[in-house]
Amino acid sequence: DVSSPKHGKVDPDNMPHVGGNMWAGGTGGRDTAGLGGKGGPYRLDAGHRVYQVSQAEKDAVPEEVKRAAREMGEKAFKRRLKEIQMSEYDASAYERFSGAVRRQVQSLRIILDNLQ
């Protein structure tokens, strides 16, 4: 069961963590920032293979946990904007321009990776 969202512990060795309720950047777990899990406050990619929990499990997360996770994610987003000296308006404008060329940038990255 999910209880409350949190960032989670950071593994200094960046080992892959699947499931559980402890590690930041893990996959398929609960309550912590990561990918493929449920009840975490925001997505956090540590570069490992992603294990996805079912949509039914995600839908079963209590509304108060979802609300707490959204609030925590929003606070982290605002804190990050402040760190990089960006306003919410700037972030919105960046997303608008970035979204318009996202597919082309992805294609270019694939081409450059293949050239390397």
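The values are calculated or read from the model by the stated rules, or taken from the named source; none is laboratory data. Only a predicted model underlies this, so the values are computations on that prediction, with no experimental measurement involved. Here the Cβ is made from the backbone with ideal geometry for all residues, glycine too, and neighbour counts use every protein chain on show. Just the protein is used for accessible areas: all its heavy atoms, side chains included, with ligands, DNA and RNA removed. Shrake-Rupley method; radii C 1.70, N 1.55, O 1.52, S 1.80 Å.
Would you say E95 is open to solvent by 80 Å² or more (accessible area, probe 1.4 Å), within 23 Å of G34 (Cα to Cα) and not assigned by the TED database to the domain that holds G40?
Numbers: open to solvent by 80 Å² or more (accessible area, probe 1.4 Å): yes; within 23 Å of G34 (Cα to Cα): yes; not assigned by the TED database to the domain that holds G40: yes.
In short, yes.
Would you mind finding the one in P16, P12, P41 that is assigned to a loop (DSSP other than H, G, I, E, B), out of contact with any Cys (no Cβ under 9 Å at 6 or more places or on another chain), crowded, with 18+ Cβ neighbours inside 10 Å and not hydrophobic (A, V, I, L, M, F, W, C)? Working first, answer last.
Values: P16 fails: crowded, with 18+ Cβ neighbours inside 10 Å; P12 fails: crowded, with 18+ Cβ neighbours inside 10 Å.
None of the other options fit; the residue is P41.
What do you reckon, is R67 open to solvent by 60 Å² or more (accessible area, probe 1.4 Å) and under 17 Å from the mean Cα position of the chain (by Cα)?
yes
Residue by residue through segment 29-69, note down the ones that are free of Cβ contacts under 8 Å to residues at least 12 places away in the same chain and within 25 Å of A91 (Cβ to Cβ).
The answer is R43, R67.
Just one of (1) within 22 Å of R43 (Cβ to Cβ); (2) hydrophobic (A, V, I, L, M, F, W, C); (3) surrounded by fewer than 10 Cβ atoms within 10 Å (Cβ to Cβ) trips up L112, so point out which.
Looking at each condition in turn, L112 falls short on (1).
Can you tell me which residue among V50, V2, V101 is hydrophobic (A, V, I, L, M, F, W, C), part of a loop (DSSP other than H, G, I, E, B) and open to solvent by 60 Å² or more (accessible area, probe 1.4 Å)? Talk me through it step by step, then tell me what you get.
On the way: V2 fails: open to solvent by 60 Å² or more (accessible area, probe 1.4 Å); V101 fails: part of a loop (DSSP other than H, G, I, E, B).
Only one candidate passes the filter, namely V50.
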